[in-house]
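Here the structure comes first, spelled out in structure tokens, and everything after it is commentary.
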Amino acid sequence: MLNHQRIQLLDATLRDGGLGLEDEFINHFNDAVFTKEMIGQIAGLLVDSGVDIVELGSIHPLGDDHSMFSKFHYLEQLSEVIPSPRTTNQMYVGMYVGPDTPDDKVVAHNESLLDGARVILRYSQLQKSLDFCEMLAEKGYKVFIQPMLTMRYSEKELQLIVDTANRINAYALYFVDSYGYMMEENVKYFFQFYDSSLKPDIRIGFHAHNNMNLAFANVQTFLSIPSEREIIVDSCATGMGQGAGNLQTELILPYLNQHFGKKYNFDPILQICELLDETYDNRTTWGYSVFRALPAIYRTAYKYAVVLRKKHKLSYCQINEILRQMPDQLRPQYTPDNLEKVYDAYLKQKNKA
């Protein structure tokens with residue numbers, strides 16, 4: 001039996017699932033939301049499952065009320081989602097969607113608040129994002145550093161992130177397969193890069209997306225790397241999440257029980273899956289699909305293909321042609337303007353033919 005004590009399982013159903021629903025809502029593809037009752041029910045069932053870390057939602061100070069996506073303006077609002085009575089053997093966390101919250105709007109940690117804060121590093125504002133992580137650590141939070149689309153970072157940039165994690169004594173540093181195109185060799189590379197430089201007590205986390213149906217396989221690779229370092233695996237019930245979604249909790253939880261001697265409770269996870277299946281059509285909202293796999297093949301933001309398919313009603317071959325020919329500098333970041341550029345170029349080419 002492999003060492004089970006070094007593994008923690010983090011369920012991100014409410015956070016990543018909520019942001020996935022928000023994406024669909026904003027783009028007018030779907031009007032599905034979380035009800036307040038559902039958020040409470042899912043949170044309670046996650047507690048019952050015994051997963052080590054429960055991510056209750058995300059935090060972003062700007063915009064309208066999006067609490068129906070488990071997205072709140074401030075950390076103390078999200079902390080109100082913590083089930084009562086509060087368990088002491090589990091950690092409760094939320095994710096900051098970038099470094100936009102002013103320092104004076106982040107309250108110092110106390111026992112009524114979330115234990116930890118995950119921070120999506122904004123590539124265009126890397127130093128600001130790292131400074132934000134440092135501020136959270138100084139205020140007493142366990143900090144999880146999340147370089148979204150880690151494949152985009154150079155070794156120099158990754159080393160800066162590692163150095164910051166060491167300096168602030170981060171709880172965890174992640175590598176994140178945001179667009180779902182990591183392969184086995186990439187998983188090994190990022191783990192070894194981190195492991196060679198991080199302080200021994202900083203955990204390495206892996207957040208896998210499922211655009212190419214590789215999330216489970218990649219996490220198995222992650223778990224099999226020989227190391228005594230503590231690690232964290234992220235998952236979501238039914239794989240619920242942005243784009244193609246994530247590693248499924250209902251797959252990884254029994255796998256950890258069977259192969260690593262964990263003692264998680266499976267039935268509460270199945271109850272969450274039942275609730276999600278009854279409420280949403282995940283065949284269109286998240287999960288593997290051809291149009292979500294195509295951008296992963298070209299290492300491109302998945303939203304290009306989602307909009308081309310759902311809004312412009314293009315065929316798989318047409319989407320493939322656009323993605324194959326688009327300029328490399330536009331691939332990492334989807335914006336409506338970027339989409340317009342590549343779509344207009346495609347239409348002009350077709351009109352000339």
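What follows is calculated from the coordinates using simple rules that are stated; it is not laboratory data. In this text the structure is predicted, and so the values were computed from the model without any measurement. So basically every Cβ, Gly included, is an ideal-geometry build from the backbone, and we count neighbours across all protein chains shown.
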Item checked: Fraction of the pair-distance distribution of the chain above 28 Å, Cα-Cα pairs, percent -> 41 percent
Next item on the list: Please find, in a Gaussian network model of the chain (springs between Cα atoms separated by less than 10 Å), the residue of SER124, SER224, SER67 whose mean-square fluctuation is greatest.
Entry: SER124
Next item on the list: Have a look at ASN265, ASN218, ASN89 and tell me which one the Gaussian network model of the chain (Cα, springs below 10 Å) gives the largest fluctuation.
Entry: ASN89
Next item on the list: Quick one: which residues, 5 or more positions from TYR96 or on another chain, have an amide H under 5 Å from its amide H? H modelled 1.01 Å from N in the peptide plane, none for Pro or chain starts.
Entry: ILE59, ARG118, VAL119, ILE120
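Quick one: grab the alpha carbon gyration tensor of the stretch 1-155, order the square roots of its eigenvalues as a ≥ b ≥ c, and give me rounded if a/c is under 1.5, else prolate or oblate depending on whether a/b is larger than b/c.
Note, shape of the stretch 1-155 comes out rounded.
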Notebook entry, point to check: So which aspartates and glutamates can LYS303 reach, going by Cα to Cα under 17 Å and dropping same-chain residues fewer than 8 places off?
Noted result: ASP16, GLU22, ASP23, GLU24, ASP177, GLU321, ASP328, ASP337, GLU340, ASP344
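How high is the FRET efficiency between GLU278 and GLU37 when r is their beta carbon distance and R₀ equals 22 Å, given to the nearest 0.05?
Working: r = 13 Å, r/R0 = 0.61.
Computed FRET efficiency for GLU278 and GLU37 comes out at 0.95.
Would you order CYS236, CYS133 from fewest to most other beta-carbon atoms within 10 Å of each residue's own beta-carbon? Working shown, then result.
Details: CYS236 30, CYS133 27.
The fewest-first ordering by Cβ neighbours comes to CYS133, CYS236.
How much length would be gained if the chain were fully extended between GLU134 and ASN213, taking 0.36 nm per residue of separation minus their Cα-Cα distance, in nm to one decimal?
Extending this stretch completely gives an extra 24.9 nm.
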Item checked: Efficiency of FRET between TYR74 and LYS313 - r from beta-carbon atoms, R0 41 angstrom, step 0.05 -> 0.55
Notebook entry, point to check: Which of GLU185, GLU157, GLU111 comes first, and how do the rest follow, when ranked by fewest Cβ neighbours within 10 Å?
Noted result: GLU111, GLU185, GLU157
Margin query: For the stretch 286-353, take every pair of Cα atoms, bin their distances at 5 Å starting from 0, and report each bin as a whole percent.
Written below: 3, 18, 33, 28, 13, 4, 1, 0
Notebook entry, point to check: Roughly how many nanometres apart are two label points built 7 Å out from the Cα toward the Cβ at THR335 and GLN349?
Noted result: 2.2 nm
Item checked: From phi via Karplus (6.51, -1.76, 1.60), per-residue ³J(HN,Hα) for the stretch 145-154 in Hz, x at Gly/Pro -> 9, 10, x, 3, 6, 4, 4, 6, 7, 7
Check: Roughly speaking, what is the centre-to-centre gap between the stretch 1-80 and the stretch 282-341 when only Cα atoms are used, to the nearest Å?
Finding: 26 Å
Margin query: Can you tell me the orientation of helix 336-352 relative to the chain, as the angle in degrees between its alpha-carbon axis and the longest Cα principal axis, to the nearest 10?
Written below: 30 degrees
Note to self: Using Cα springs under 10 Å in a Gaussian network model of the chain, which residue among VAL233, VAL306, VAL107 shows the largest mean-square fluctuation?
What the structure shows: VAL107
